[in-house]
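Heads up: the structure comes next, in structure tokens.
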Amino acid sequence: AACSSYRLRDALHPLWQSELSVSGGTRQSPINIHWRDSVYDPHLKPLKIHYDPATCLYIWNNGYSFQVEFDDTTDKSVIMGGPLENHYRLKQFHFHWGAINEWGSEHMVDSKVYPAELHLVHWNPVTSTSFEDAIMENNGLVVIGVFLKLGAHHAGLQKLVDALPAVKHKDAIVEFDVFDPSCLMPSCPDYWTYDGSLTTPPLTESVTWIIKKTPIEVDQNQLEEFRMLLFTSAGEEEKRMVDNFRPLQPLMNRTVRSSFR
Ligand SMILES: CNS(=O)(=O)c1c(F)c(F)c(SCCN)c(F)c1F
Ligand SMILES: [Zn+2]
């Protein structure tokens, strides 16, 4: 109950005050995935991921999360297979997290909340000419969601965590080269997939979601480093960057498919 009331309180967060629900939205994200309502689809292929670490460009604080941007001018870092009809280019990844370990993820599984959620954002270069266009296209984007749970130290994540003090304030940016985000993927291939939206403005209904079933483990210090970031710019009164997740949205007329029995 605390969690749901918290999520309601969270919905009044300035970022979404006016965005509580997109008028007429029929496929909004995030959602609570009811495991036993998901439908196994034997036609779903294994997800194929080919990221080139050399396409990693920089990390920046966009005032809402920290984001790692990639060179998306070629097909060097792409995903394909899974529910996808063609390949999609990696554009950026970012995270959503809570002030404490009891909440932070955007999606839930049978109402279980994780302390954080990783989003790897990809766009369709076959149907769109740019990422900005793809955001407005039906199924222009694919976002892979990976849950983070409290546990062992994540060595791959630490390189990212060590760079966070350099992007403490909104609009800070730091070069970040040679990082392979596939080190943030769980080894288990199982996922759910459903049609949804961005969870930040413009909240467009252009996302094919692929939510990995198995979380990755990170340790307390690594989560605390996320919570040391600021929503605010240098010189402004400091507001810690925490609870940057959107409240749950209604499933409406959607089915969540699973790649596993
Ligand atoms: C999937 N997570 S998200 O929060 O909805 C999200 C962002 F946070 C983003 F920053 C971008 S980049 C373009 C818009 N600002 C995005 F495409 C996106 F989908
Ligand atoms: Zn996100």
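Side notes on the structure shown:
- Those residues of region 236-252 which are over 17 Å from S65 (Cα atoms) and of a type in the set (A, V, I, L, M, F, W, C), in sequence order: L248, L251, M252
- Test: P215 is touching a strand residue (DSSP E or B) at 6+ places or on another chain (Cβ under 9 Å) and surrounded by fewer than 18 Cβ atoms within 10 Å (Cβ to Cβ): no
- Filtered residue count, region 60-75, keeping only those that are within 13 Å of P181 (Cα to Cα), touching a helix residue (DSSP H, G or I) at 6+ places or on another chain (Cβ under 8 Å) and in contact (Cβ under 8 Å) with a residue 24 or more places away in the chain: 1
- Candidate set: region 222-261, residues that are in a helix (DSSP H, G or I) and touching a residue at least 12 places away in the same chain (Cβ under 8 Å); chosen: the one surrounded by the most Cβ atoms within 10 Å (Cβ to Cβ): F226
- Complete set of residues in region 183-192 that are out of contact with any helix residue (DSSP H, G or I) (no Cβ under 9 Å at 6 or more places or on another chain) and within 29 Å of W60 (Cβ to Cβ): M185, P186, Y191
- The set of residues from region 58-76 being surrounded by 17 or more Cβ atoms within 10 Å (Cβ to Cβ) and more than 17 Å from the chain's Cα centre (by Cα) comprises just one member, D72.
- Given (1) under 26 Å from D37 (Cα atoms); (2) of a type in the set (S, T, N, Q); (3) away from ligand 2 (no atom under 16 Å from the Cβ), number of the condition S105 does not satisfy: (3)
- Any hit, region 176-187, residues being of a type outside the set (G, A, S), closer than 24 Å to D41 by Cα and modelled with pLDDT of 95 or more: yes
- Residue match in region 25-41 (condition: modelled with pLDDT under 95 and out of contact with any Asp or Glu (no Cβ under 6 Å at 6 or more places or on another chain)): yes
- Scanning region 155-178 for residues that are more than 29 Å from E236 (Cβ to Cβ) and either aliphatic (A, V, I, L, M) or surrounded by 18 or more Cβ atoms within 10 Å (Cβ to Cβ) (or both) returns A155, V178.
- Among the residues making up region 193-221, those that are out of contact with any Cys (no Cβ under 9 Å at 6 or more places or on another chain), among the hydroxyl-bearing types (S, T, Y) and in a loop (DSSP other than H, G, I, E, B) are S197, T199, T200, T204, S206.
- Which listed residue, of P186, P165, is part of a loop (DSSP other than H, G, I, E, B) and more than 15 Å from ligand 1 (Cβ to nearest atom): P186
- For G196, the conditions (1) more than 24 Å from N253 (Cβ to Cβ); (2) within 16 Å of ligand 2 (Cβ to nearest atom) are fulfilled apart from (1).
- The listed residues are T74, T127, and the only one of them that is touching a Lys or Arg at 6+ places or on another chain (Cβ under 9 Å) and polar (S, T, N, Q) turns out to be T74.
- Residue list for region 108-122, filter: out of contact with any Asp or Glu (no Cβ under 7 Å at 6 or more places or on another chain) and of a type outside the set (A, V, I, L, M): D110, S111, K112, Y114, P115, H119, H122
The values are calculated or read from the model by the stated rules, or taken from the named source; none is laboratory data. The shown structure was predicted, so the numbers you read here are calculated from the model rather than taken from an experiment. Here Cβ is always computed from backbone atoms with ideal geometry, including for glycine, and neighbour counts include all displayed protein chains.
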